[in-house]
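The values are calculated or read from the model by the stated rules, or taken from the named source; none is laboratory data. Every value quoted in this text rests on a predicted model; they were computed, and no experiment measured them. FYI the Cβ positions are ideal-geometry reconstructions off the backbone, even for glycines, and counts take in every protein chain you see. Accessible surface is based on the protein model in full, side chains and every heavy atom, while ligands, DNA and RNA are left aside. Shrake-Rupley method; radii C 1.70, N 1.55, O 1.52, S 1.80 Å.
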Amino acid sequence: MSFFGKMFGGKKEVAPTTGEAIQKLRETENMLIKKQEFLEAKIEDELNIARKNASKNKRVALQALKKKKRLEKQLQQIDGTLSTIEMQREALESANTNTAVLTTMKNAADALKTAHQNMDVDKVHDMMDDIAEQQDVAREISDAISNPVAFGADLDDEDLERELDELEQENFDKEIIGIPEPTPTLPEAPTEDLPEKAKEKKKATTTTAAEDDDDPVMKQLLAWSN
C-alpha cells in the first residue's frame, strides 16, 4: 500500500501469518548475509589498494582508505540489522511453536471432553463394582468345579500315610540295612506216603532184605551181631 493510501484510509492490509513472516525474515536475512560478504570482499580490496599505493601514490591510497571506511560503516549497519532480524525471527519461531503447542493441547482437551461426554463417574464406579462381583462369582465357580465330588472321600489320609511309611521303611531296610525280604511260607509237604509210593517202598524193602539174605557177608555180619 502506498503512503497516500495509508494516509487517506485505503484498503487495510491483511497481517501475514507467523509462518509467512518467518519466511520473509529468512529471505531478508540471506540477502543481507550475501551483501555482508560482498562488503567484506570490497573492504579487503580497498585495503590492498591502500597498501600498494601507500608509498607510490598517497592520493590513491587515501581514497581507498576513505572508501574502506564507508564500506565498514555499511557493514556495521548490516551487522546490526542482521542481529535485529535474527532476534525477531527467533521470537516469531518461538511464538509459532507456542501457538502450535497450544493448538494441539486445545485439540487434545476437546477430544478428551468429547470422550468423557457420555461417561458418568457414578456409572463407572457401578460398572467396576459389577466387574469385581462377577470376578468373585467366576472364582467361586472355578473353585466348585475344581473340587472333586465324591472322589476319594472314603479314603483315610492317616491310613494312606501309614502305608506310605511302611513302604519307605521297607525300602530303607533293603537298600541301607540289607535285611532280606521275608520269603513267602510254602505249605508243608505231606509226610505220609501215597498208596503207590508205599507199595513201591515196601517192595524195595523186601527186595533189599532178600538180597541181604543171599549175600554171605551180610549173613556173617548178622551172625556176629546176634
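Might you let me know whether region 123-139 holds any residue that is surrounded by 10 or more Cβ atoms within 10 Å (Cβ to Cβ) and modelled with pLDDT under 65?
No: zero hits.
Take region 73-122 and flag every residue that is farther than 28 Å from residue 33 by Cα, open to solvent by 100 Å² or more (accessible area, probe 1.4 Å) and among the polar types (S, T, N, Q).
117, 118
For region 41-85, give me the residue count where each residue is touching a residue at least 24 places away in the same chain (Cβ under 8 Å) and within 60 Å of the chain's Cα centre (by Cα).
Summing the residues that are touching a residue at least 24 places away in the same chain (Cβ under 8 Å) and within 60 Å of the chain's Cα centre (by Cα) in region 41-85 gives 5.
May I ask you to list pairs of residues, at least six apart or on different chains, whose Cβ atoms are under 6 Å apart, with the first in region 14-32 being under 25 Å from residue 77 (Cα atoms) and in contact (Cβ under 8 Å) with a residue 60 or more places away in the chain and the second being surrounded by 14 or more Cβ atoms within 10 Å (Cβ to Cβ) and of a type in the set (A, V, I, L, M, F, W, C)?
21/92; 22/92; 25/85; 29/85
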